[in-house]
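Only the coordinates and a few stated rules stand behind these numbers; no lab work does. Note that the structure is predicted; figures quoted are calculated from it, not measured. Cβ: placed from backbone, ideal geometry, glycine included. Neighbour counts: every protein chain shown.
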Amino acid sequence: MARVALIGGDGIGPEVVHVAASVLEAAAERHGVALTLHHWDLCADRYLREGITITDEERNRLVDEYDAALLGALGDPRVPDNVHARDILLGLRFFADLYINFRPCRLVAPALSPLKDPDPATDIVFFRENTEGLYAGLGGSFKTGTPHEIAVEESLNTYKGVERIVRAAFEHADRTSRSRVTLVDKANVLSYEGGLWRRVFAEVGAGFPRIARDAMYVDAMAMDLVRRPQRYEVVVTSNLFGDILSDLGAQVTGGLGLAPSGNLNPGSWALFEPVHGSAPDIAGKGIANPLAAVGCAALVLRWLGMDAAAADVDACVPASIREGVTTADLGGAATTGEVGEWMAGRLRD
Ligand code: NAD
Ligand code: IPM
Ligand code: MN
């Protein structure tokens, strides 16, 4: 019996996770696979109520008792320092050593791209390093709140951390018959980390002679993702650059409402989450696009080895766009719940 923890989180998170859950249940029923879903109350409300973000025991139980988790989003204006998101989302990434942030951006419907004449073949997968870089929390603040304040935020890069994400990118390219892996960095300025990444990229890449390698500076990459996104296949990059570029990649391929992601430690544990955040501006209105969360549901099923069910859930996304059963951000008039009901109905048919 596969077990999946559902963490709605904040804002639109619970709304889109509700849809993902109904789609998971319908797909499991259709394919006769056993799947248990449990809701976990980890969010800003709980933090404000109890003063607890997530306990060590809860982190242990999530990883020990579940095969994976699906999270909506974390972020609430009532928690301006974002401490609960740091403890829950970043905490789980670090605790379970989820070193791959797998972020696919595929142009499922060219009309949804803001680009003029987008290439329908655009299909980029970002491999974002997920446990190091500027997210390591190294640094400090001195003389805080005075005119002499000093703030230091250091970027941590280890050989082990760089090697395993670069290898994961090449192995994915190999397995999925992609022809190129692109490294994105800022090695012209950040020469210590850039030097390490470039050496490791060449060293690991040499083991995959069929796959072409190139390197881009992150500023030029931001420009090129708008100019000719179809050129990029597998992109490997550091934690912060991957965070930024995956929002850009999501937008050129149809918007944040469509982009799923997986935080993965292969063979161990995984946490799936849409690339988008808690969208406080639209929360509670029933208009959040649930397709990114549905994409996450498909990734969950694939993680569990339920490939046929995953393929059916994946197919729901282009089908809903084709049939016009979408939320307003994609030009439709359906509510979040109506998109979910339509998909669950399609899966049960
Ligand atoms: P956001 O992604 O929440 O929203 C950006 C814009 O996109 C908003 O206009 C929003 O309405 C729109 N949008 C996002 N998802 C949508 C959806 N599914 N359907 C329709 N429109 C959608 O980014 P933000 O406003 O910068 O962040 C809000 C909060 O979310 C912050 O607290 C941030 O830290 C947090 N956040 C969390 C995650 C996560 O938990 N994975 C990711 C990103 C941001
Ligand atoms: C993401 C989010 C998170 C990140 C935030 C909410 C901590 O933006 O998953 O992309 O920066 O990784
Ligand atoms: Mn982000």
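Normalised by the number of residues in the range 104-256, the average gap of Cα pairs under 8 Å and 6 or more apart makes the relative contact order 37 percent.
Remark: C-alpha extents of the range 23-129 on the principal axes read 51, 42, 25 Å, sorted largest to smallest. With a ≥ b ≥ c taken as the square roots of the eigenvalues of the C-alpha gyration tensor of the range 1-75, please select rounded if a/c is under 1.5 and otherwise prolate if a/b is larger than b/c or oblate if it is not? It is oblate, given that a/c is not under 1.5 and a/b is not larger than b/c. Fewest neighbouring Cβ atoms within 10 Å first, the residues 182, 326 line up as 182, 326. Take the convex hull of the alpha carbons in the range 104-256; its mean projected area over all directions comes to 10.5 nm². Between the residues 54, 315, 276, the greatest Cα displacement towards the positive end of the dipole of the chain, with unit charges on the Cβ of Lys, Arg, Asp and Glu, is found for 315.
Dividing the C-alpha radius of gyration of the range 209-349 by 2.2 N^0.38 Å, with N its residue count, gives 1.15.
As a test of the formula, what do you get for the chain when each DSSP H run with n ≥ 4 contributes -39,500 (n - 2.57) and the sum is divided by the residue count, at 222 nm and rounded to the nearest 500 deg cm²/dmol? Working shown, then result.
Details: 11 runs with 139 residues, N = 349.
The helix-only estimate for the chain comes to -12500 deg cm²/dmol at 222 nm.
Once you keep just the Cα pairs under 8 angstrom separated by 6 or more residues, what percentage relative contact order results for the range 208-349?
Worked out over the range 208-349, it gives 16 percent.
Among 221, 343, 216, a tally of other beta-carbon atoms within 10 Å of each Cβ gives an order, fewest to most, of 216, 221, 343.
Can you give the longest stretch of the chain with no exposed loop site, where a site means trypsin sites (Lys or Arg not before Pro) in a DSSP loop (not H, G, I, E or B) with at most 14 other C-beta atoms within 10 Å?
In the chain, the maximal stretch lacking such sites is 1-77.
When each full DSSP H helix of the chain is screened for a Cα extent of at least 15 Å along its own axis and an average Kyte-Doolittle hydropathy of at least -0.5, the helices passing are 13-31, 191-205, 239-252, 291-303, 307-322.
With contacts taken as Cα pairs under 8 Å at a separation of at least 6 residues, the chain carries a relative contact order of 24 percent. May I ask for the distance between the Cα centers of the range 140-210 and the range 60-86, given as a whole number of Å? Cα centroid of the range 140-210 versus Cα centroid of the range 60-86: 25 Å apart. Projecting the alpha carbon convex hull of the chain along each direction and taking the average yields 18.4 nm².
Positive end of the dipole of the chain (Cβ unit charges, origin at the Cα centre): among 138, 122, 336, the Cα lying farthest that way belongs to 122. Bridge orientation summary for the range 104-256: considering DSSP beta bridges with both residues in this region, about 40 percent are antiparallel. Counted residue by residue at 0.36 nm each, then reduced by the alpha carbon distance between them, the extension gain from residue 244 to residue 315 reaches 22.8 nm.
Put simply, the convex hull of the Cα atoms in the range 34-193 casts, on average, a shadow of 15.2 nm². Given +1 at the Cβ of Lys and Arg, -1 at the Cβ of Asp and Glu and no other charges, the dipole of the range 61-188 around its Cα centre is 260 debye to the nearest 20. Computed on the Cα atoms alone, the convex hull of the range 234-293 gives a volume of 112 cubic angstrom per residue. Partner lysines whose Cα lies under 18 Å from the Cα of residue 186, excluding those fewer than 8 positions away in the same chain, are not found.
Residue farthest toward the positive end of the dipole of the chain, with Cβ of Lys/Arg at +1 and Asp/Glu at -1: which of 110, 18, 32? Sorting the options by dipole projection puts first 110. Comparing 174, 117, 45 in a Gaussian network model of the chain, where Cα atoms under 10 Å apart are tied by springs, the biggest mean-square fluctuation is seen for 117.
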